[in-house]
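To start, the structure under review is shown below, and the notes come after it.
The values are calculated or read from the model by the stated rules, or taken from the named source; none is laboratory data. Being a predicted model, the structure only gives us computed values, none of them experimental. Using ideal geometry, Cβ is built from the backbone for each residue, glycine included, and neighbour counts are taken over all protein chains shown.
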Amino acid sequence: MSWLRRVMISLAGLALAGCAGAPSMLRPASSVSTREAWLFWVVLAMAAVVFVLVEGLIVLIVARDRRRGDEAGEPTQVHGHTRLEIIWTVVPLLLVILLFGLTIGTMRAVAAPEPREGDINVRVVGHRWWWEFEYPDYGFTTANELHLPLGNAAHLTLESADVIHSFWVPQLAGKTDLIPGAINSMWLSADAPGTYEGQCAEFCGLQHAGMRIHVIVESREAFEAWVRTQQAPPAEAVTALERLGEETVTSGVCSSCHTVRDTHAQGKLGPDLTHLASRATMAGGMYPLSESYLRRWLSNTQEMKPGNLMALHLKADDLEAVLAYLKLLK
Amino acid sequence: MPADAHALTHARPTPASPGRPGLLGWLSTVDHKRIGVLYLGSGLLFFLLGGLEALLIRLQLARPGETLLGPDIYNQIFTMHGTTMIFLGVMPLAAGFGNYLIPLMLGARDVAFPKLNALSYWVFLFAGLLMNSSFVFGGAPSTGWFAYAPLTERAFSPGTGVDFWILGVLLLGLSTTLGSINFIVTILQLRAPGMSLNRMPMFAWTMLVTSMIAVFALPSLTVAILLLLLDRQLGTHFYNVAQGGDALLWQHLFWFFGHPEVYILILPAMGMVSEIIPVFSRKPLFGYRVVAYSSVAIGFLGFTVWAHHMFATGLPSAALLVFSADSFLIGVPTGVKVFSWLATMWRGRLRLTTAMLFAIGFIALFVIGGLGGVSLAVVPVDWQLTDTYYVVSHFHYVLFGGSVFAILGAAYYWFPKMTGRRLGEGLGKLHFWLTFVGMNLVFMPMHILGLLGMPRRIYTYAAGKGWEGWNMIATIGAFVVALSMLVFVVNLIRSLRRPPTHEADPWDANTLEWTTASPPLAYNFAEIPTVRSARPYWDAKHPDLADWKARR
Amino acid sequence: MTAVATADARRQGIARTGMLAALASETVFFGTLLSAYLFMRLDQPGWLQITATPARLILPVLNTSVLVVSALAVTLGERAVARGSQRGLAAGLAAALVLGLVFVGGQILEFSSNGMRPGDQAFGGVFFTLMGFHALHVLAGVVLLGINLVRTRLGDFSPARHIAVTMGTWFWVYVTAVWLAMFVGLYLI
């Protein structure tokens, strides 16, 4: 597959020069997306032929058959031509049958393979407006940032805690909806290491635009190291400030919505914070995770993500304490 | 000269007003021509409103992280943009032309149920005003024109916006159903002597099929929204999963209506184009019967493809394949029509009036939209591109490049019949080119945005993904389109202020409406003519080239 | 044909086509409602529903018979006016009207006696919605019958001109047929 992948990416590069940072299906990084990109180029080529034919005919006819003012009588009154009508019914029919065959073939090619040793299982739960990722085989839950090892398939189950969402990381796979009351499944297998972006692709309310996904594909060793970090218990507060923050987060206001494993904080409404500081982004993947962004968030959550379900204004001392504690949660 | 030809070529030129004078006359009218004008005027105003909403959307999306519109107001605006353009813009404009023209084209004096016709209009107007009033009564609906459950349930949409939307759409459904029954009965029962179904104007065919689609599709929408209303107001649990309801039920019910709805939007436009092209090519419509039967085929097939809007929802593969296959199939009769129009123009004698430019523009742009649609029928490609700007591009090519272009062409074509004057051709050509260029500037980049990963219905986006440049181009294009609409409105106003010339047949056309005065007498025809072909006026003016003499 | 007869034929054609189109619309409406109900049932094997014990079915079956008899009455009434019997027409219309109201009363009794509320679990809502919309249509039919009854008294109908009676009959028989489909769907399967 990787030769095909390289061809696809070159084509995309030709067509979309300068769009290097785009989460584009035409820069595939998985076997699934590579097949889908290939199919798109084939369909586009067929469409281009029809386009040139039809638009060309229009230009030809308009240029050639315009009234010049010097003609006498009327043009020949042609009412139809059965043979022609049959041809332009049958030929398109054959073309769409071909497309249908390609459709079936590609659907087969991207269908989920049998699970194998080393495959990763992830339970994805969509919330307004963040992503919960549970790794049942490893016993931990994280949010918004999905890590996967290179070379193994990842089988995802998709559920929703509220309304319909859709999981879409274009370079890795087509989208699949998360439907309340149902469990959908999808799979992907990344071919190249890197960070792949995506976002929710089914309108889910105020911050549909702020429900972003980051998938980090890394070597098996790096992935296992990450797993071990996530499995570890949360860091303990040491200084007085950190302990004050720990108090607020694990027993105070934060605990009603968030979870920090092995503490009193067992809320399920917001993302798991146990290893918040190990993530690269925050607020549903909208902002880089840094002290300044976190400070801005805690002093007024509505300013950075208006309409989100966390309404908090922490002030001065409380804010410093919580910040100090959260920074520990690597 | 045979008696009918005499009747046809010697229409009295003096117009007579079809009703009481003044405002009361317009409010109490049951005349199809006046009702048609009411639909056209209201439809145009709502269309401009929808256009303003589009400009706001484009301003917000021109730059990443733009703060002109917050998420709540943005979501209300894109919801109302879609709802307004579809239900209050395109459908009433098509109904306006249908109302005005169908009785005239069929050689009838009015529609079958004139009072019901008036009721349909006033219900539509009330519904449109009701829905838009939601902006000031607690907020417009903000859940998209397609209103997916469970987002629209009370728990997630607690305000009254969704309820306004439901009530408005219920009333619009009633208006459209009544109007459709009226058209069906009129077309089936009130045709002039000699006018078999295969001798009526193609616009009448498409209005017939459109009306039949509406009768069969709208009840599904009615059920969907009634169940939602019951969930929201009476605590039932149709879409509430926790209590035994089903989140996908909404999508099935909505799209069972929603897909045929797009054929309701495009078929009248295809009918208009089928009238304009033969006249300005000086040839008959190529393959009349095939074009008529394609419309019927599209009508039937349109009911079998609804779940192609649901390819990503986890339906079983077998279902996906069936809907994919039908979606491919429906491209075939559509293609047949395009080829028929081209064949009509082939070796004709083209007069490139503004109406003809818009009709040709329709073909050029509709083909792009149609090819995009075929690409979306390819399930694995759809998995990537559904719910992205690629789809937004597709449907705007068929709805704007298609329906709106046809409606604009129809405006230039039938304006003389309705008002006794022509729209200015100079401004008309400017209008056309601005619209054509502007439209492509807005929507062609959206194909690319979808391919670059930009999903739909987002009020903002991050920089650095390559989306900024294309969005900016689209916004510029939107203002070019806005300018083109301004040119059109100026043309309308200036043309209406010129004294009327009352030309009955300014384009040297083929069908019965051109045999009446401009504007027509209150009772349309002094004598109802007998027709012998699909081009009765052509036959009368060119007896040696008459259609009824031709062997195919 | 005389001018009047042609105009009459045209009017009757218009009425028939219009009613057929309206009934087509209604068929999709009820069909969609029933399909939605069946779709919801497909997902849920443990669906709470009315168990069809013989005792439980007495009221619904009784009610169904009432409606079927009323359909018979209105059909006989239409035949009567075609034969020239004004009294036959009036009797048929009146009987159907009364039975129609009895039916609606029976539906209210049925719904309140099985203790379900619209908000109870999904089935309560489905039951209420299906029966409720049907009952509304029966009431609309009652109004139509009532108008026709008044017009009979006013002498509007004759053997040659009674299209309104025929249309009312079509509507009433249609509403009865819809009930039979619902009865099967809600109680028997």
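Values for this structure:
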item: Scan of the range B:106-133 for residues that are outside any helix (DSSP H, G or I) and free of Cβ contacts under 8 Å to residues at least 60 places away in the same chain, ordered by number; result: none
item: Residue among C:L76, C:L97, C:L89, C:L93 that is touching a Phe, Trp or Tyr at 6+ places or on another chain (Cβ under 7 Å) and of a type outside the set (V, I, T); result: C:L89
item: A:G245 at positive phi and touching a helix residue (DSSP H, G or I) at 6+ places or on another chain (Cβ under 9 Å); result: no
item: Tally, over the range B:344-362, of residues that are facing chain A (nearest Cβ under 9 Å) and either surrounded by fewer than 23 Cβ atoms within 10 Å (Cβ to Cβ) or more than 18 Å from the chain's Cα centre (by Cα) (or both); result: 9
item: Residue within the range A:113-123 that is surrounded by fewer than 19 Cβ atoms within 10 Å (Cβ to Cβ) and touching a helix residue (DSSP H, G or I) at 6+ places or on another chain (Cβ under 7 Å) present; result: no
item: Test set (1) surrounded by fewer than 21 Cβ atoms within 10 Å (Cβ to Cβ); (2) within 27 Å of A:F167 (Cβ to Cβ); (3) of a type in the set (G, A, S); (4) more than 14 Å from every other protein chain (Cβ to nearest Cβ) - B:A463 fails condition number; result: (4)
item: Any hit, the range A:69-82, residues being more than 10 Å from chain B (Cβ to nearest Cβ), modelled with pLDDT of 95 or more and exposed (fewer than 12 other Cβ atoms within 10 Å of the Cβ); result: no
item: Some residue of the range B:495-510 being β-branched (V, I, T) and within 14 Å of another protein chain (Cβ to nearest Cβ); result: no
item: B:A482 being part of a helix (DSSP H, G or I) and more than 28 Å from the chain's Cα centre (by Cα); result: no
item: Of residues in the range B:460-479 being among the aromatic types (F, W, Y) and in a loop (DSSP other than H, G, I, E, B), the one nearest to A:Q199 (Cα to Cα); result: B:Y461
item: Residue in the range B:273-294 that is small (G, A, S), away from every other protein chain (no Cβ under 11 Å) and closer than 22 Å to A:P75 by Cβ present; result: yes
item: Output for the range A:126-141, where each listed residue is outside any loop (DSSP other than H, G, I, E, B) and under 19 Å from the mean Cα position of the chain (by Cα); result: A:G126, A:H127, A:W130, A:W131, A:E132, A:F133, A:E134, A:Y135, A:T141
item: Boolean, B:M418 is more than 12 Å from chain A (Cβ to nearest Cβ), under 23 Å from A:V50 (Cβ atoms) and more than 16 Å from the chain's Cα centre (by Cα); result: no
item: Evaluation of B:F366 against (1) within 7 Å of another protein chain (Cβ to nearest Cβ); (2) surrounded by 24 or more Cβ atoms within 10 Å (Cβ to Cβ); (3) not charged (D, E, K, R) (one fails), failing number; result: (1)
item: Pick from the range A:102-112, criterion surrounded by 12 or more Cβ atoms within 10 Å (Cβ to Cβ) and part of a loop (DSSP other than H, G, I, E, B), ranking: farthest from the other protein chains (Cβ to nearest Cβ); result: A:A112
item: Candidates C:V126, C:V143, filtered to the one that is assigned to a helix (DSSP H, G or I), β-branched (V, I, T) and crowded, with 16+ Cβ neighbours inside 10 Å; result: C:V126
item: Selection count where residues are part of a helix (DSSP H, G or I), free of Cβ contacts under 8 Å to residues at least 40 places away in the same chain and more than 9 Å from chain A (Cβ to nearest Cβ), scope the range B:317-343; result: 5
item: For B:R232: the one exception among (1) closer than 30 Å to B:R535 by Cα; (2) in contact (Cβ under 8 Å) with a residue 40 or more places away in the chain; result: (1)
item: Criterion: within 14 Å of chain B (Cβ to nearest Cβ) and hydroxyl-bearing (S, T, Y) - qualifying residue of C:T129, C:T176, C:T166, C:T152; result: C:T129
item: Output for the range C:154-189, where each listed residue is out of contact with any helix residue (DSSP H, G or I) (no Cβ under 8 Å at 6 or more places or on another chain) and not in a loop (DSSP other than H, G, I, E, B); result: C:A177, C:V184, C:L188
item: Hey, A:G151 outside any strand (DSSP E or B), at pLDDT below 95 and within 8 Å of another protein chain (Cβ to nearest Cβ) or not; result: no
item: Cβ pairs under 9 Å, 6+ apart, first in the range A:114-141 and within 14 Å of chain B (Cβ to nearest Cβ), second assigned to a loop (DSSP other than H, G, I, E, B) and among the aromatic types (F, W, Y); result: A:R128/B:F156
item: Subset tally (residues that are touching a residue at least 40 places away in the same chain (Cβ under 8 Å) and more than 10 Å from chain B (Cβ to nearest Cβ)) for the range C:1-11; result: 1
item: Scan of the range B:344-361 for residues that are assigned to a loop (DSSP other than H, G, I, E, B) and under 14 Å from A:E74 (Cβ atoms), ordered by number; result: B:R347, B:G348, B:R349, B:R351
item: Condition check for A:L99: among the aliphatic types (A, V, I, L, M) and either in contact (Cβ under 8 Å) with a residue 60 or more places away in the chain or facing chain B (nearest Cβ under 7 Å) (or both); result: yes
item: Residue in the range B:238-258 that is modelled with pLDDT under 95, touching a Pro at 6+ places or on another chain (Cβ under 7 Å), assigned to a helix (DSSP H, G or I) and of a type in the set (A, V, I, L, M, F, W, C) present; result: yes
item: Selection from the range B:466-488 of residues that are within 13 Å of B:Q60 (Cα to Cα), within 14 Å of another protein chain (Cβ to nearest Cβ) and buried (at least 20 other Cβ atoms within 10 Å of the Cβ); result: B:N471
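Yes or no, residue by residue, for (1) more than 9 Å from chain C (Cβ to nearest Cβ); (2) closer than 15 Å to B:Y148 by Cβ:
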site	(1), (2)
B:L197	yes, no
B:M200	yes, no
B:M207	yes, no
B:A214	no, no
B:V223	no, no
B:L229	yes, no
B:Q233	yes, no
B:Q243	no, no
B:A247	yes, yes
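Rundown of residues vs (1) hydroxyl-bearing (S, T, Y); (2) touching a residue at least 24 places away in the same chain (Cβ under 8 Å); (3) out of contact with any Gly (no Cβ under 7 Å at 6 or more places or on another chain); (4) part of a helix (DSSP H, G or I), yes/no style:
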| residue | (1), (2), (3), (4) |
| --- | --- |
| A:T248 | yes, yes, yes, yes |
| A:D262 | no, yes, yes, no |
| A:L298 | no, yes, yes, yes |
| A:H313 | no, no, yes, no |
| A:V322 | no, yes, no, yes |
